[in-house]
Amino acid sequence: MSAKQRFDRRQWMLLSLLGIALIGNTVVTYYYFTIRVPGGNDSIPRYYGARAWLFEGLSPYSQAVGERGQIAIYGRLANDSGEDKAHFAYPFYAIFFYIPLAWLDWNWARAVGTVCTEAALAATALFSFRFNRWSPPAWLAAATLLWTLMFYHGARTIILWQFAAVSAVLIAGGLWAIHERRDVLAGITLALATAKPQMTFIIVPLIGLWSLSARRWRLAISLLGSMIVLCGLSFIFAPDWVAMMLRQIESYGSYTDIGSPINTLTRIVFPFLGQPVEWLLNLLLAGWLAWEWWQARLGEGKRFDWVVMLTLVITNLVALRTATTNYVMMTPTLVYLFARAANRWGGRAYIWIAAVEAVMFAGLWVLFAVTVKGRIEQWPMYLPLPLGLLAGLIACRPRSLA
């Protein structure tokens, strides 16, 4: 048997074991989690929207579909005191991710979706390792993967079956593909990530502009072409999807109170600052980010890696409405800081990295426990991770453009 045949056989064995593990995990998740523990609320609007559109020809944005989601969540229609209206509220093409699960009943769909969410979070970490060219020792890599699933923002994403995990892995995979110069793949994955616009409204346009200045024509064409296909299919199946989505997004503020971290700082933590300072801070962050991208416009290198990481953090700082589940998209940024520490201090950094993970794990869960009201997380959960990562990035900003 040749070396290539042995390698191919090993790959098939690993894929087979992975498939068996995922199927086993799904069965265990169904019998010991989804049929016993309520959850998955964040995917209820998309799941019921996909079923209604696929089997009944109803618009996923319709009031009837939203009411089905409300009944699934509350056992009744939502009231006007801040309860989730279960609106679809995503671009229409997000429905394509849920159609395969629409054939299953809710509990099986949630079990499959939960396992896929776990796999997406783990894959996000692995892509982050590759993008940052970081090869930690096996024990730290395993600990980091486990931490990705169990720290507050990751675990909340799994419990709620939040699409943020899918968008995060598509962003991380797209960044890895850019580094590997697999530009067609990068364009497709980044376009698919826009199914959750709150996470991609900055990074995808800036990557598109950068691809033109860096003469990465295949990336630019792939990204633009993929967006045209996704939006084109959406207009064919639901000609009014943009107007309906914007209407539901506009109403989102009527039943959510927490805005961006910048809004939280200026409205809750330091209320004397007020909205003018909020706008000023958002403008300053946007201007700073634009200037950094201009500096990194000509190609890859340390500055490009850093400004991409900065973009992921600023996205979560300024988004009009964010969610702590969206913070999983900043996994590449955290790994970037770990990699910088390891490159500077070598093996001595590994213990410190593990200690940071332990402190973040315990600290965020304790903060949640002491601030939660009922089942609702409070504004303090929105601040530590993005502000901490921003401070880390400022501290290690590369001086060279190379």
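No lab work stands behind these numbers, since they all come straight from the coordinates. Note that the coordinates shown come from a computational prediction; the quantities given were computed from them, not determined experimentally. So basically every Cβ, Gly included, is an ideal-geometry build from the backbone, and we count neighbours across all protein chains shown.
For the chain, how many pairs of lysine residues have a Cα-Cα distance under 30 Å, where the two are 8 or more positions apart or belong to different chains?
Counting lysine pairs in the chain gives 4.
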List every DSSP H helix in the chain whose Cα atoms extend 20 Å or more along the helix's own long axis and whose mean Kyte-Doolittle hydropathy is at least -0.5.
3-29, 106-131, 164-179, 217-237, 274-295, 302-318, 331-345, 348-371
For segment 95-189, what is the convex hull volume of its Cα atoms per residue in Å³?
96
Highest-fluctuation residue, R344, R218, R303 considered, GNM on the chain with Cα pairs under 10 Å
R344
Of the residues S81, S167, S128, which exhibits the maximal mean-square fluctuation in a Gaussian network model of the chain defined by a 10 Å Cα contact cut-off?
S81
Pop out the Kirkwood hydrodynamic radius of segment 245-402 from its pairwise C-alpha distances, inverse of mean 1/r, in Å to one decimal.
17.4
Cut-off is 10 Å between beta-carbons; in what order do V307, V313, V28 appear when sorted fewest neighbours first?
V28, V307, V313
Between V359 and R181, take the C-beta separation as r, use R0 = 51 Å, and let me know the FRET efficiency to the nearest 0.05.
0.85
Starting from the alpha-carbon convex hull of segment 180-291, give the projected area averaged over all orientations, in nm².
9.2
With no solvent and one equal point scatterer per Cα, compute the Debye intensity ratio I(q)/I(0) for segment 295-384 at 0.17, 0.22, 0.24 Å⁻¹ and report its log10, rounded to two decimals.
-0.90, -1.17, -1.23
Restricting segment 19-121 to chymotrypsin sites (Phe, Trp or Tyr not before Pro) in coil, as DSSP defines it, with at most 14 other Cβ within 10 Å
W103
Here the residues of segment 62-79 lying in the modelled label zone of R247, meaning backbone nitrogen under 20 Å from a point 7 Å along Cα-to-Cβ, are 62-71, 78-79
Output needed: percent of Cα pairs per 10 Å distance bin for segment 78-126, bins running from 0 to the one holding the longest distance.
20, 36, 36, 8, 0
D for segment 50-94, whole µm²/s, Stokes-Einstein with Kirkwood Rh over alpha-carbon pairs at 10 °C and 1.306 mPa s: what number?
145
Diffusion coefficient in µm²/s returned for segment 1-158 by Stokes-Einstein, Kirkwood Rh over C-alpha pairs, 10 °C and 1.306 mPa s, is 88
Listing M13, M330, M245 from the residue with the fewest other Cβ atoms within 10 Å to the one with the most, what is the order?
M13, M245, M330
Mean shadow area of the chain over all directions, Cα convex hull, nm²
21.9
Starting from the exponent 0.38 and prefactor 2.2 Å, build the expected Rg for segment 136-239 from its residue count and divide its actual Cα Rg by it.
1.24
How would D240, D183 line up from fewest to most surrounding beta-carbon atoms within 10 angstrom?
D240, D183
